[in-house]
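The values are calculated or read from the model by the stated rules, or taken from the named source; none is laboratory data. Just so it is clear, the model here is predicted, and its values are computed rather than measured. Cβ coordinates were reconstructed from backbone atoms using ideal geometry, including for glycine residues, and neighbour counts include every protein chain displayed.
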Amino acid sequence: MARARRGGVGWRAVLAAALWLLLVAAEAGKYNAVFNFGDSLVDAGNLVTEGIPDYLATARPPYGQSYFRHPTGRCSDGRLVIDFIAQEFGLPLLPPSKAKNASFAQGANFAITGATALDTEFFEKRGLGKSVWNSGSLFTQIQWLRDLKPSFCNSTQECKDFFAKSLFVVGELGGNDYNAPLFAGKDLREAYNLMPHVVQGISDGVEQLIAEGAKDLIVPGVMPSGCFPVYLSMYVDAKEGYGQRSGCLKRFNTFSWVHNAMLKGALEKLRAKHPGVRIVYGDYFTPVIQFLLQPEKFGFHKQPPRACCGAAGKGPYNFNLTAKCGEPGATACADPKTHWSWDGIHLTEAAYGHIAKGWLHGEFADQPIIQSS
């Protein structure tokens, strides 16, 4: 009798394992392709496909050291959120859309370092043309998608069918738009004035992708800018007000929060307008705050907001504008897995991995990308 009971448990375990494997296999085949748009947070090398500019420190070691063992054009020590998402669905890492002789049958990464939500003309009209480095706005990237369509479909209907079985990741976008006035020395009020235009630009881009046939999209918000060593070093002033536990600049985090709230409102309107389309909000803000307040939960050191790769500058942030990561005078920490900030502007592979997991399973998204059946 005892043997029979053990045998019954064994069969149930085998059955449960088989069902789990079937679910994993089904989920792995959920998308035919993934298409990604955005800036340096998700650029997989578009900026360097034509050669590496002399000024570009992010294309030099130690970038890429943790996974690829060499720089790839990614602004991190390894993989990005979009890389983890592609791997989750059994897809290859998305090739940069500008790559030569690449296969785009399973998707492409249109993101490029310096990208904005809004076109360059918008900034030029406001006297900010010299302070924005726009290598490809969201609308430009969507045009790149249209130009690339013959690589994976041959007719309007075939493309719509293909896109309907693909995942579109639209962002993060907006950070560089706001940097235009801020890095030009303008007051934060100038950046607030841009906010409705930036959010509308992202919303318009999502609508264009839906018109192309996208049925499944994730649209990320911005990170808490007040927690990043680049801002903390540029705005060293007690009057700014720092978070007691986080050490972040309060008013910059409030700014990021307001953008995200406005973006969520725009996405709600898009959902109502397109009921047959799934639009997920991807949260970058909450995880970064958690990395600072609960570092041990993620395997990070408890410390002020501090770059892994950088050089001593203003304050304890290991960031120096004259010796940024990849430039003479900068060095990388011994173990990037224990840091969330890679270079004071971008995140480590470890941080991106936690965020990707949160988007996929719902901890850092308003609904999980992977829906349980």
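Odds and ends about this structure:
- Scanning region 301-312 finds one or more residues that are within 20 Å of the chain's Cα centre (by Cα) and either among the basic types (K, R) or over 24 Å from A57 (Cβ atoms) (or both).
- Here E268 meets the list (1) closer than 25 Å to F168 by Cβ; (2) over 22 Å from the mean Cα position of the chain (by Cα); (3) in a helix (DSSP H, G or I); (4) free of Cβ contacts under 8 Å to residues at least 40 places away in the same chain almost entirely, failing just condition (2).
- Residue selected from region 131-171 under the condition in a strand (DSSP E or B) and touching a helix residue (DSSP H, G or I) at 6+ places or on another chain (Cβ under 7 Å), by the criterion nearest to V81 (Cα to Cα): V169
- The single condition from (1) farther than 25 Å from Y284 by Cβ; (2) out of contact with any helix residue (DSSP H, G or I) (no Cβ under 6 Å at 6 or more places or on another chain); (3) not polar (S, T, N, Q) that F104 fails is (2).
Listed here are the residues, each with its yes/no results for (1) without any contact (Cβ under 8 Å) to a residue 12 or more places away in the chain; (2) surrounded by fewer than 21 Cβ atoms within 10 Å (Cβ to Cβ); (3) in contact with an Asp or Glu (Cβ under 6 Å, 6 or more places away or on another chain).
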residue	(1), (2), (3)
P96	no, no, no
G114	no, yes, no
D119	no, yes, no
W144	no, yes, no
E158	yes, yes, no
L173	no, no, no
D177	no, no, no
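- Hits in region 349-364 (condition: under 21 Å from C248 (Cα atoms) and out of contact with any Lys or Arg (no Cβ under 7 Å at 6 or more places or on another chain)): A351, H354, I355, F364
- Condition check for I289: surrounded by 15 or more Cβ atoms within 10 Å (Cβ to Cβ) and within 30 Å of F163 (Cβ to Cβ): no
- Restricted to region 82-130, and to residues there that are under 18 Å from G174 (Cβ atoms), outside any loop (DSSP other than H, G, I, E, B) and β-branched (V, I, T), the residue that is farthest from the chain's Cα centre (by Cα) is T120.
- Only residues that are buried (at least 22 other Cβ atoms within 10 Å of the Cβ) and of a type in the set (S, T, Y) were counted across region 121-142, and they come to 1.
- Yes/no for Q367 being farther than 22 Å from K250 by Cα and surrounded by fewer than 19 Cβ atoms within 10 Å (Cβ to Cβ): yes
- For region 289-322, a residue qualifies if it is of a type in the set (K, R) and either modelled with pLDDT under 95 or farther than 20 Å from F252 by Cα (or both), and the qualifying residues are K297, K302, K314.
- Taking region 221-247 as the range and being among the aromatic types (F, W, Y), in contact with a helix residue (DSSP H, G or I) (Cβ under 8 Å, 6 or more places away or on another chain) and assigned to a loop (DSSP other than H, G, I, E, B) as the test, only Y235 passes.
- Enumeration of residues in region 57-81 that are touching a residue at least 60 places away in the same chain (Cβ under 8 Å), hydrophobic (A, V, I, L, M, F, W, C) and in a loop (DSSP other than H, G, I, E, B): C75, L80
- Screening R69, R60, R79 for residues that are buried (at least 21 other Cβ atoms within 10 Å of the Cβ), closer than 23 Å to W340 by Cβ and basic (K, R) leaves exactly one candidate, R79.
Here is a yes/no grid of residues against (1) in a loop (DSSP other than H, G, I, E, B); (2) touching a residue at least 40 places away in the same chain (Cβ under 8 Å); (3) surrounded by fewer than 22 Cβ atoms within 10 Å (Cβ to Cβ); (4) not acidic (D, E):
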site: P196; (1), (2), (3), (4): no, yes, yes, yes
site: S203; (1), (2), (3), (4): no, yes, yes, yes
site: Q208; (1), (2), (3), (4): no, yes, yes, yes
site: A214; (1), (2), (3), (4): yes, yes, no, yes
site: V219; (1), (2), (3), (4): no, yes, no, yes
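- Screening the candidates F139, F123 for the property of being of a type in the set (F, W, Y) and modelled with pLDDT under 95 yields one hit, F123.
- Residue ID - farthest from F163 (Cα to Cα), chosen from residues in region 236-283 that are out of contact with any Lys or Arg (no Cβ under 9 Å at 6 or more places or on another chain) and among the hydroxyl-bearing types (S, T, Y): S246
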